[in-house]
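Before any comments, here is the structure.
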Amino acid sequence: MKIGIVGFPGSGKTTLFNALTGQNAPTGFGSSRVNLGAIKIPDRRVDRLAQIADPRKLTYAEATFADVPGGRGKESLDPQTIGRIREMDALVQVLRGFDDGTGDVGPLSELTAFEAELVLSDMQVIEKRLEKLRKDHSNPGFTKLLERCLEQLNAERPLRDISFSEEDLKALSGFALLTAKPLMLVLSRPESEAASPLPSELVSAARARHLELISLCGSVEAEIATLSPQDQLEFLAALGLEEPASARFLRAAFAMLDLISFLTHGPDECRAWPIRRGSTAVVAAGVIHSDIARGFIRAEVIKFDDLDRFLTEAACKEAGKFRVEGRDYVVQDGDICHFRFNV
């Protein structure tokens, strides 16, 4: 699954991408290349399990990010850019919160202009399909669904605000509708404003759209990434920050995909395994290996907070914090799982 870093040219997309991935992709106008990078998702639970188990290896969950070029115009998207955005599973829009020399700093106008571009593109796709459906009267149920979508778009509202059934989502999946994709916002700011409060009007706009908004300075995050853990703490304290903004951003972006992580730990490895929210124990077992799912017997489950408190499996059992679950158990975020199986 890919998370697209999107926005208009000059908003700071590639700077953010480079800060997150450690790559050195060229910045500036005119780039037509989509940059890709797999990024580890910070997880204090994995770090804590490593303290308890002292494993030989740590493995964090990962997400793939794509730096999508912004096209040719400052407030318009060309067809090639729209096509690339359609390929993404979720979107992070970067808003320019710094002066690029023009004296014009308008993150709110960028938000509304970008939203309008996506709404218009979705309208064109749906209208084209509706025109054909209305001529041949072949699928009245699907026609009604698309008319509902068009009504939402005509009101200048994104499709992600509609509660679709699973059946409707499956019917619409082939269109890769832009405004139906999960979206979060990042305000790209200069170092001097790294710890400043977010602009109130932008906060209000994000809240009205039910979108998460994070402030981030790409140059600061890139510098933090090069420091030792102790130097990072001192650097962040000097800026008035508790953790890198990129850590919170990555966790939020991961959650936006409707993913959670279950955990495994032992002397060989402590690991976070990403799964879809709502996945059952047998599905989670299959993420580790298909044989474990095929021969599934039971899942032995401890909540992370309980192991963090009692430190050992034996102590968790004694405290009544150790559970045995069947194949249909819905795995929760932070469950520490050990799967018993027989093939």
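The values are calculated or read from the model by the stated rules, or taken from the named source; none is laboratory data. Note that the structure is predicted; figures quoted are calculated from it, not measured. Glycine gets a Cβ as well: all are built from the backbone with ideal geometry, and neighbour counts include every protein chain shown.
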Quiz item: Which residue, of A205, A255, A238, is of a type outside the set (D, E, K, R) and touching a residue at least 24 places away in the same chain (Cβ under 8 Å)?
Solution: A205
Quiz item: Taking E318 and the conditions (1) touching a Cys at 6+ places or on another chain (Cβ under 7 Å); (2) more than 27 Å from P182 (Cα to Cα); (3) free of Cβ contacts under 8 Å to residues at least 60 places away in the same chain, which numbered condition does it fall short on, given that it satisfies the others?
Solution: (1)
Quiz item: Within the range 235-272, which residues are closer than 17 Å to Y329 by Cα and touching a Leu at 6+ places or on another chain (Cβ under 7 Å)?
Solution: L263
Quiz item: Which helices (runs of 4 or more DSSP H) sit wholly inside the range 149-230 and have at least 3 residues that are within 21 Å of the chain's Cα centre (by Cα) and modelled with pLDDT under 90?
Solution: 218-225
Quiz prompt | Number of the exception - A253 against (1) part of a helix (DSSP H, G or I); (2) over 21 Å from the mean Cα position of the chain (by Cα) | solution = (2)
Exercise. Filter the range 272-324 for residues that are of a type in the set (G, A, S), outside any strand (DSSP E or B) and buried (at least 16 other Cβ atoms within 10 Å of the Cβ) and give the result.
Key: S279, A281, A284, A285, G286, A293
Quiz item: Which of (1) under 30 Å from V186 (Cα atoms); (2) modelled with pLDDT of 95 or more is the odd one out, the single condition C316 does not satisfy?
Solution: (1)
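Residues R157, R189: which one is among the basic types (K, R) and not assigned by TED's automatic domain parsing to the domain that holds S11? Step through it out loud before you land on a result.
Details: R189 fails: not assigned by TED's automatic domain parsing to the domain that holds S11.
Within the list R157, R189, the selection yields R157.
Residues G37, G83, G4, G70: which one is crowded, with 19+ Cβ neighbours inside 10 Å and either assigned to a helix (DSSP H, G or I) or modelled with pLDDT of 90 or more (or both)?
None of the other options fit; the residue is G4.
Looking only at the range 246-262, decide whether some residue is farther than 26 Å from L16 by Cβ and in contact with a Phe, Trp or Tyr (Cβ under 7 Å, 6 or more places away or on another chain).
First, the residues of the range 246-262 that are farther than 26 Å from L16 by Cβ: 262.
Narrowing further to those that are in contact with a Phe, Trp or Tyr (Cβ under 7 Å, 6 or more places away or on another chain): 262.
Scanning the range 246-262, I find at least one residue that is farther than 26 Å from L16 by Cβ and in contact with a Phe, Trp or Tyr (Cβ under 7 Å, 6 or more places away or on another chain), so the answer is yes.
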Quiz prompt | Those residues of the range 231-245 which are closer than 22 Å to T27 by Cβ and either of a type in the set (K, R) or part of a helix (DSSP H, G or I) (or both), in sequence order | solution = A245
Quiz item: So T21 clears everything in (1) surrounded by fewer than 22 Cβ atoms within 10 Å (Cβ to Cβ); (2) in contact with a Ser or Thr (Cβ under 9 Å, 6 or more places away or on another chain); (3) not small (G, A, S) except one condition, right? Which one?
Solution: (2)
Quiz item: Residues in the range 271-302 that are of a type outside the set (V, I, T) and closer than 20 Å to L58 by Cβ: how many?
Solution: 6
